[in-house]
């Protein structure tokens, strides 16, 4: 089994999640996935809400919050 590498860029990680889930990447995003006020792009926030994707993973490449969330959900525990 080959473990896929995590893309280095925010857009790469967003595309990775979209491909894995079989959904399109939101349109009209900047490469850094930030809005004009430098906050996370609204379209990315909506994407995460609709798909369950992790903002931490997309913006920082950190999988721990995703893993911990799944771990706690599987046990019916609210952290």
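Taking Cα atoms only, the orientation of helix 10-21 departs from the longest principal axis of the chain by about 60 degrees. Here the label points at residue 73 and residue 35, each 7 Å from Cα along the C-beta direction, are separated by 2.5 nm in the simple model. Taking the helices alone, the chain has a mean residue ellipticity at 222 nm of -14500 deg cm²/dmol, built from -39,500 (n - 2.57) per DSSP H run of at least 4 residues and averaged over all its residues. Over the stretch 1-64, the hull volume per residue, using the convex hull of the C-alpha atoms, is 88 Å³.
Between residue 43 and residue 60, the modelled labels are 2.5 nm apart [label points 7 Å from Cα along Cα→Cβ]. Remark: relative contact order (the chain) = 26 percent; criterion is Cα-Cα distance under 8 angstrom and separation of 6 or more residues. Between 17, 44, 31, the residue with the greatest mean-square fluctuation in the GNM of the chain (Cα pairs under 10 Å linked by springs) is 31.
Here, each number is a calculation from the coordinates, and none is a lab measurement. Quick caveat, the model's predicted, so the values are computed rather than measured. A quick note on method: Cβ atoms are made from the backbone with ideal geometry, for glycine too, and the neighbour counts reach across all protein chains shown.
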